[in-house]
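Let me begin by presenting the structure, written as structure tokens, before commenting on it.
No lab work stands behind these numbers, since they all come straight from the coordinates. Computed from a prediction, not measured in an experiment: that's the story for all the values here. As a convention, Cβ positions derive from the backbone with ideal geometry for all residues, glycine included, and neighbour counts pool all protein chains shown.
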Amino acid sequence: MSTWNPTQYLRFGNERLQPALDLLARIPLEDPSIIYDLGCGTGIVTSFLKERWPGATVTGIDSSETMLERASALDAEVTWQQQNLNGWNPKIPADLLYSNAALHWLDDHDELFPRLMTGLNPGGVLAVQMPQNFSAPTHELIAKTARAGPWREVLEPELREHPVLDFSAYYDILSPHATRLDFWEITYLHVLQGDDPVVEWTKGSILGPLLALLNDGDKEAFLQSYREAISKAYVRRADGSTLLPFRRLFLIAVK
Ligand SMILES: C[S@@+](CC[C@H](N)C(=O)[O-])C[C@H]1O[C@@H](n2cnc3c(N)ncnc32)[C@H](O)[C@@H]1O
């Protein structure tokens, strides 16, 4: 069963798209022929890759059937492949391996990133954006709530508390395989509307796969407890908005 809900993910589509476009804008390639979007999700970002390089063969890869169903409904000249990226490498070397908000779902980055670099042609680019906010209340309160209820045994082994390394670790991992590196971080300051928008945000990403493990009763109890904690950490402003700072790490490595 797929644990990703494309509709929930796209509730904050504009906010989630901006980092993808910021990464895309800094890719130093004129005319790549073979492009993969790793963890392409709903495919919206993949279609932007195709739009920037219409002559390229673009393939979107994702393990989630529900996300790919949404992607394949897009009218984009992209090939969609359902595949797990663990152990994956392109059959033909690529000119661009692009990944927005996906590689933090994979482990062992000291093995993963060099492997992806071997899948590139000389001059090819690995371009990656991952959240770097695992110490923020959004995420720490998920772990705290997971450990504080009857669901602990189910949820604790699935927590991904520190999946992204420090940028200096990525420097050490990537520099032996790259001729050029370009790293940066951005904290996006999202202004969200509606009721419990921060919980709705995490339900569309980091929290979704955890909630999918719970029965309906536990799911509601978990959400009630998490909502209460989140409402204290992200206080609604006088005009009804809620502010969500969200830090992200960007890595570009040229082979
Ligand atoms: C937060 S979404 C990002 C989707 C898309 N890149 C975007 O920017 O809209 C993360 C995606 O990574 C995919 N994913 C997570 N682990 C994966 C794996 N091991 N193999 C393939 N896809 C994976 C999920 O199915 C999900 O669609």
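Key figures for this structure:
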{"quantity": "Among TYR234, LEU155, THR179 the positive-end extreme of the charge dipole of segment 148-255 (Cβ point charges)", "calculated": "THR179"}
{"quantity": "Karplus 3J(HN,Hα) series, Hz, for segment 197-207 with 6.51 cos²θ - 1.76 cosθ + 1.60 (x for Gly, Pro)", "calculated": "x, 6, 5, 4, 5, 5, 4, x, 9, 4, 7"}
{"quantity": "Ranked ILE186, ILE173, ILE61, criterion: other C-beta atoms within 10 Å, fewest first", "calculated": "ILE186, ILE173, ILE61"}
{"quantity": "Dipole of the chain, positive end: most advanced residue of ASN215, LEU126, SER64 [Cβ charges, Cα centre]", "calculated": "LEU126"}
{"quantity": "On Cα atoms only, tilt of 137-147 relative to the major axis of the chain in degrees", "calculated": "60"}
{"quantity": "Charged-residue dipole, Cβ positions (Lys, Arg, Asp, Glu), segment 6-254 about Cα centre, Debye nearest 20", "calculated": "400"}
{"quantity": "Relative contact order for the chain, counting Cα pairs under 8 Å that sit 6 or more residues apart, in percent", "calculated": "23"}
{"quantity": "By average C-beta atoms within 10 angstrom, highest first, the peptides 191-197, 16-22", "calculated": "16-22, 191-197"}
{"quantity": "Cα-Cα P(r), the chain, percent of pairs per 5 Å interval", "calculated": "1, 6, 13, 17, 18, 17, 13, 8, 5, 2, 0"}
{"quantity": "Centroid-to-centroid separation of segment 199-255 and segment 65-79 [C-alpha atoms, Å]", "calculated": "26"}
{"quantity": "From phi via Karplus (6.51, -1.76, 1.60), per-residue ³J(HN,Hα) for segment 228-238 in Hz, x at Gly/Pro", "calculated": "4, 5, 5, 5, 7, 7, 10, 7, 5, 6, 4"}
{"quantity": "Unit charges on C-beta of K, R, D, E only; dipole of segment 126-177, Debye", "calculated": "140"}
{"quantity": "Largest-first principal axis extents of the Cα set of segment 158-206 (Å)", "calculated": "47, 28, 13"}
{"quantity": "Peptide ranges 249-255, 238-244 listed from the most packed, as the mean C-beta count within 10 angstrom indicates", "calculated": "249-255, 238-244"}
{"quantity": "Loop trypsin sites (Lys or Arg not before Pro), segment 211-242, which have at most 11 other Cβ atoms in a 10 Å radius of their Cβ (DSSP)", "calculated": "ARG237"}
{"quantity": "Longest segment of the chain lacking GluC sites (Glu not before Pro) that sit in a DSSP loop with at most 16 other Cβ atoms within 10 Å", "calculated": "162-255"}
{"quantity": "Cα-based convex hull, segment 61-211, per residue volume (Å³, whole number)", "calculated": "155"}
{"quantity": "Helical mean residue ellipticity (222 nm; -39500 (n - 2.57) per DSSP H run of 4+; nearest 500) of the chain", "calculated": "-10500 deg cm²/dmol"}
